[in-house]
Amino acid sequence: MSRIIGIDLGTTNSLVAYVDEKTGLPRVISDEDGRVLLPSIVSFTPDGVLVGEAARRQLVRRPTSTVYSVKRFMGQGYGDVKDELKFFPFTIVPVDNVVSIRLDDRTVTPPEVSAVILRTLKERAERHFGETIEKAVVTVPAYFNDSQRQATRDAGRIAGLDVVRIVNEPTAASLAYGLDRLKEGVVAVYDLGGGTFDISILRVQDGIFEVLATNGDTHLGGDDFDRVITLWLLEDIQSRHCADLERDGIDLARDHEVMQELRLAAEAAKIRLSSAERTTLTLPLGSFTYHRDIARAELERLIDPLVGKTLGPVRMALADAGLRPSQVDEVVMVGGSTRVPLVRRRVQELFGKTPHSQLNPDEVVALGAAVQAHILAGGITSMLLLDVTPLSLGIETFGGIVSVLIARNTTVPTSAREMFTTSVDGQTVVDLHVLQGERELAKDCRSLARFELRGVDPMPAGMPKIEVTFLIDANGILQVQAKELRTGKAASIEVKPTYGLSEADVERMVEDSFTYAEADVETRMLIETRNEAETVITHVERALRQGAQLVEADERAQIEAALATLKAVRDGQDRDAIREATTAMNRVTEPLAERMMDAALKSALGTRRAAEIIGSSE
Amino acid sequence: MNYFEVFGLERKLGIDAAALQRRFYELSRQSHPDFHQAAPAEEQARILDASARLNAAYRALRDPIARVEYLVRLEEGRETKEGDTVKPKAPPELLAEMFEIQEALQEARAGGLDEAARETLSAQRERLVARREAEEARITGELSAAWDAAAERAKALASFKAALATRAYLRTVIDDLTEVLEATDVAHHRH
C-alpha cells in the first residue's frame, strides 16, 4: 500500500507527520528552514500565491487579500458566519451555496484556500521522502458537521490528495498519546485550538480507543480570545489617544491595516502572558506610539467568559457518557490555546486532576493523524479507534419536526433504514430533507441536503415501499441509498447539498488550482524583499514624523534621498537593487534610530526602572 | 441477522455488560473498515455493512432499556422505528396528579411562578423522577427476568409495552417541568 501521511489542517497552524518505520513512532516533518508549523495563511498577490510564514508577512500589507482562519468558513453558509465577518479584513460573499472570499480579480472558496495549505504540506512530505504522495489522513474538529467534513475532503481533492480518512482531532491526539502514555481507563481530551473547541470522552482498553461521547463548539478558540483583547485595546487607544487619532486622521476601527496590527499585537501579548505575569504592548500609530502594560489578571478577566463557554460542552459530553468528572482517569490537553494558564486551571478544577501535556499541544494532533494513517496502511494492528458521530442525524417530517434516525454519539460507521412512500397517486419523485442537530424543529437544525428519489413507478398513493439507508461512514460523512422494495429497483438519488460544492465545482477547482500556481521560489523571494523594503519605508517615514526634533537638516536630506531611491526601485523586478537600497536606507537611518531609542528609554525611565521595561517586553 | 445474533446471543435480556463490551471489541477488530483498506471494493462494502450493523447492535443492546425497546420492535417484526406502537400513556394512578401538574405548567408558562408554586412543582418533579426510575427498574428487573424465563411471552411483551408507554409519558412531563423550572429560574435570578 502506498504511503499515507497525516495532516493537521488547523485554524492557525497546519502540519504534516508520518510514522517512522524503524522506530514505529510518529514524527513531524519540517520545511527547508526547519519550521514544523505552517501558519494557515494564504496571500493572493499579483505575483502569485504565498503560503505560511511568507503569507503572514503580508497580513498587514495586504489585509484584504491575505486569508487567515479560513477553517472557520469551511462548509458554512453565509448565515452561519455573517455575525463575525466584521472581524475579518477580507470580504466574504455568498456565492450559490457556499461562502467565498472576494479578492481583487476573482473569488475563491474556503476549500480552495485550504487546498493551497494542503498542497504545501504535501510537497513538504514529497521533498522529505523523495517520492510522490497521494494519500492523506486529515484531521477535523470532532464537532464538525457533515458539510464541514465534506468541505475538508474537497480541499484535499483540489490539492491532489486522496483523503483516505477524516479523523477527529481529539481522538487523533489520544492515539498520539497511545498505549504507552495513557493508563487503561477513561480519558477526557480537551482540545482548544485557534478557532474550534472539542471535548471527547474515551475508554481506552485492550488497544481499543472507544469514544463514548463528544461535544464542542466549532466557533470558539484562541481567535476569540484575540478578538476580545483587540476590542479592549481599541477602546483603550480611543480613550487615551483621542486627540492624537484626530490629529493624524486615523479611524482605527475602519483601518484594516491598523486593526490587523492591533490583532497581531493582541495575540503576541496573549502568548507572552502565558509565561509572564505582565507584559508591555507597544504599537506605533501615526505620529504617536501606544504603550500598554497588561497584567495576566487583566487578560484573564477578558477571556474568562470564553473559557467558561467550553465547560458547558464538557459537562454535556460527560452526561452523554454517563460519567461524573471524578470517574475520568486521565485528562489530556490539546491545542495551542491550552497553554493559557486560566484554561488549564478551569479544566483542572472541573476534573479535579492535573491534565496531561507531555506532548507538544501544537503537534499532537498531526502525530495522531500519522498513527491513524499507519493503522490504515496496515502498519499497526494493536490499536483501533472507534469514533462517534457528534450530531444527531434526522429527516424533516410533517410539520417541520425532525425525526432522528441516528442519535449523536453513535459509533461510526453506522446505518439506519427507514421506509418512505408516496402521498399522491402516480407520484414518481419523493423528496427527503436531511438535517443534523439536536433541536426538535427542522428550522433550528443544520440542513445537510435535500435528496430526490427519482424513478418511482407510478402507483396509487401509499403503495410504493421505498427503503432508504442512511449510512455514516468512518469519516463521519453521510451516504444515502434507496431501493423500491416492490420492484427491488434501486432508486436514483439526486443530492442537493445545502452548503457545499457540487461535483462539477470541485472538478473545476482542481483544474483552476494549476492555473493559480503558488509563486515560485524566485518570485517568493522578490515579494519578500519588496515586503522588507515596504516595512523599512513605513518605519523611516514614521521616525521622521515622531523624531522630527532629533533630525538635523542635512541628515534629513540624506534620509530623504535614500528614501526616494528605495521607493523608485521597490516595485521593480530587480531583487538585488531593492535589497541594496534597503540596506543603504538602514545604514543612513541608524544614528537616528539610536537617538530615538535613547530618548524613549529616558522618558520611560522617568516612571519605571530600565530592567523592568526590558524584562517585561518579551 | 438481528442484533442478538450479531453477538451470537439468544433473544434474552439478561446480558452481562462487561462480556458484551469485550465481544464488541473483538468483533470490531474483525470487521472495522480501518483494518481492511487494501481489500477489493466489494469486500470493503461488505465490511462497511458488517461494521455499521455491529455498531448499531452494540448501541441497541448495551443499555438495558434500549435493549427492551429493540426486543419489542423485533418481536413485532419492525426493523425501523417508524410506526412505533409505544405511545406515551399516563399511569392511571397518577391521572389526577397529572391533571394538576398540566394546569400548573400552563399557568407557569403564561405568567411565571411564585415561590410556593415553584416548590410544589419541584417536589412533584422529584416524585415523578423517582416514579420513572422505579418503572425503569421494573422493566430491566422483574419484567426482563419474566421474559428470559420464557413464561407467557405474549403477556411479557404486553407488559413491556405498557411500561415503556408509562416511562415515555413520565419523561415528557419531567422534561416539561424541568424546562419551566429552568426558564423561571433565570427570570427569578434576574429580579
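The values are calculated or read from the model by the stated rules, or taken from the named source; none is laboratory data. Predicted, not measured: the structure shown is a model, and the values here were computed from it. With ideal geometry, Cβ positions are generated from the backbone for all residues, glycine too; neighbour counts draw on all protein chains shown.
Is the stretch B:3-14 home to any residue that is within 21 Å of the chain's Cα centre (by Cα), small (Gly, Ala, Ser) and outside the structural domain of B:Glu126 (by TED's automatic domain parsing)?
Checked the stretch B:3-14: at least one residue is within 21 Å of the chain's Cα centre (by Cα), small (Gly, Ala, Ser) and outside the structural domain of B:Glu126 (by TED's automatic domain parsing).
When the residues of the stretch A:179-194 are narrowed to those that are of a type in the set (A, V, I, L, M) and within 14 Å of A:Ser357 (Cβ to Cβ), which ends up farthest from the other protein chains (Cβ to nearest Cβ)? Before you say what the answer is, go through the steps one by one.
Initially, the stretch A:179-194 is screened for residues of a type in the set (A, V, I, L, M), giving A:179, A:182, A:186-189, A:192.
From what's left, within 14 Å of A:Ser357 (Cβ to Cβ): A:182, A:187-189, A:192.
Details: A:Leu182: 16, A:Val187: 16, A:Ala188: 19, A:Val189: 19, A:Leu192: 27 Å.
Here the residue is A:Leu192.
Which strands (runs of 3 or more DSSP E) does the stretch A:94-178 wholly contain that include 3 or more residues that are more than 14 Å from every other protein chain (Cβ to nearest Cβ)? Can you show your working first?
Values: elements: A:98-102, A:135-140, A:162-168.
Here the list reads A:98-102, A:135-140.
Do you know which of the residues in the stretch A:575-594 that are of a type in the set (A, V, I, L, M) and surrounded by fewer than 16 Cβ atoms within 10 Å (Cβ to Cβ) is farthest from A:Leu544 (Cα to Cα)?
Per the criteria, the residue is A:Ala584.
Residues B:Lys87, B:Lys12: which one is more than 9 Å from chain A (Cβ to nearest Cβ) and in contact with a Ser or Thr (Cβ under 9 Å, 6 or more places away or on another chain)?
Only one candidate passes the filter, namely B:Lys12.
Looking only at the stretch A:529-543, count how many residues are touching a helix residue (DSSP H, G or I) at 6+ places or on another chain (Cβ under 7 Å) and either surrounded by fewer than 18 Cβ atoms within 10 Å (Cβ to Cβ) or at pLDDT below 80 (or both).
2
Just for the stretch A:112-139: of the residues that are under 17 Å from A:Asp162 (Cβ atoms) and free of Cβ contacts under 8 Å to residues at least 60 places away in the same chain, which one is surrounded by the fewest Cβ atoms within 10 Å (Cβ to Cβ)?
Only one residue tops the list, namely A:Thr132.
Tally time: how many residues in the stretch A:309-326 are surrounded by 15 or more Cβ atoms within 10 Å (Cβ to Cβ) and of a type in the set (Ser, Thr, Tyr)?
Residues meeting the conditions: 1.
For A:Thr414, indicate whether it is crowded, with 21+ Cβ neighbours inside 10 Å, in contact with a strand residue (DSSP E or B) (Cβ under 9 Å, 6 or more places away or on another chain), closer than 30 Å to A:Glu484 by Cβ and within 14 Å of chain B (Cβ to nearest Cβ). Walk me through it before giving the result.
On the way: crowded, with 21+ Cβ neighbours inside 10 Å: yes; in contact with a strand residue (DSSP E or B) (Cβ under 9 Å, 6 or more places away or on another chain): yes; closer than 30 Å to A:Glu484 by Cβ: yes; within 14 Å of chain B (Cβ to nearest Cβ): yes.
Considered against the rule, which asks whether it is crowded, with 21+ Cβ neighbours inside 10 Å, in contact with a strand residue (DSSP E or B) (Cβ under 9 Å, 6 or more places away or on another chain), closer than 30 Å to A:Glu484 by Cβ and within 14 Å of chain B (Cβ to nearest Cβ), A:Thr414 comes out as yes.
Regarding B:Arg132, is this residue in a helix (DSSP H, G or I) and crowded, with 18+ Cβ neighbours inside 10 Å?
Yes, satisfied.
So which of B:Ile101, B:Ile65, B:Ile47 is more than 14 Å from every other protein chain (Cβ to nearest Cβ) and either of a type outside the set (D, E, K, R) or closer than 27 Å to A:Ile395 by Cβ (or both)?
The match here is B:Ile101.
What pairs can you find where one residue is in the stretch A:569-590 and of a type in the set (Gly, Ala, Ser), the other is in a loop (DSSP other than H, G, I, E, B), and their Cβ atoms are less than 8 Å apart, with a gap of 6+ or different chains?
A:Ala581/A:Arg570
In the stretch A:224-253, which residues are among the acidic types (Asp, Glu) and within 23 Å of the chain's Cα centre (by Cα)?
Those that are among the acidic types (Asp, Glu) and within 23 Å of the chain's Cα centre (by Cα): A:Asp224, A:Asp226.
Determine which single condition B:Lys12 fails, assuming it passes every other condition in (1) within 24 Å of A:Asp387 (Cβ to Cβ); (2) surrounded by 14 or more Cβ atoms within 10 Å (Cβ to Cβ).
(1)
Any residue that is at pLDDT below 90 and either of a type outside the set (Asp, Glu) or under 30 Å from A:Thr279 (Cβ atoms) (or both) - is there at least one of those in the stretch A:574-582?
Yes, there is a match, as at least one residue in the stretch A:574-582 is at pLDDT below 90 and either of a type outside the set (Asp, Glu) or under 30 Å from A:Thr279 (Cβ atoms) (or both).
Would you check which residues across the stretch A:489-527 are at pLDDT below 80 and of a type in the set (Gly, Ala, Ser) and list them?
A:Ala490, A:Ala491, A:Ser492, A:Ser513, A:Ala517, A:Ala519
Can you tell me which residue is modelled with the highest pLDDT among those in the stretch A:195-226 that are in a loop (DSSP other than H, G, I, E, B) and within 14 Å of another protein chain (Cβ to nearest Cβ)?
Across the stretch A:195-226, the extreme among qualifying residues is A:Gly207.
Within the stretch A:377-405, count every residue that is surrounded by 23 or more Cβ atoms within 10 Å (Cβ to Cβ), closer than 18 Å to A:Asn168 by Cβ and not charged (D, E, K, R).
The number of residues fulfilling the criteria is 7.
What do you reckon, is A:Gly399 more than 13 Å from chain B (Cβ to nearest Cβ), farther than 28 Å from B:Ser28 by Cβ and not β-branched (Val, Ile, Thr)?
Yes; evaluated as a whole, the condition is true for this residue.
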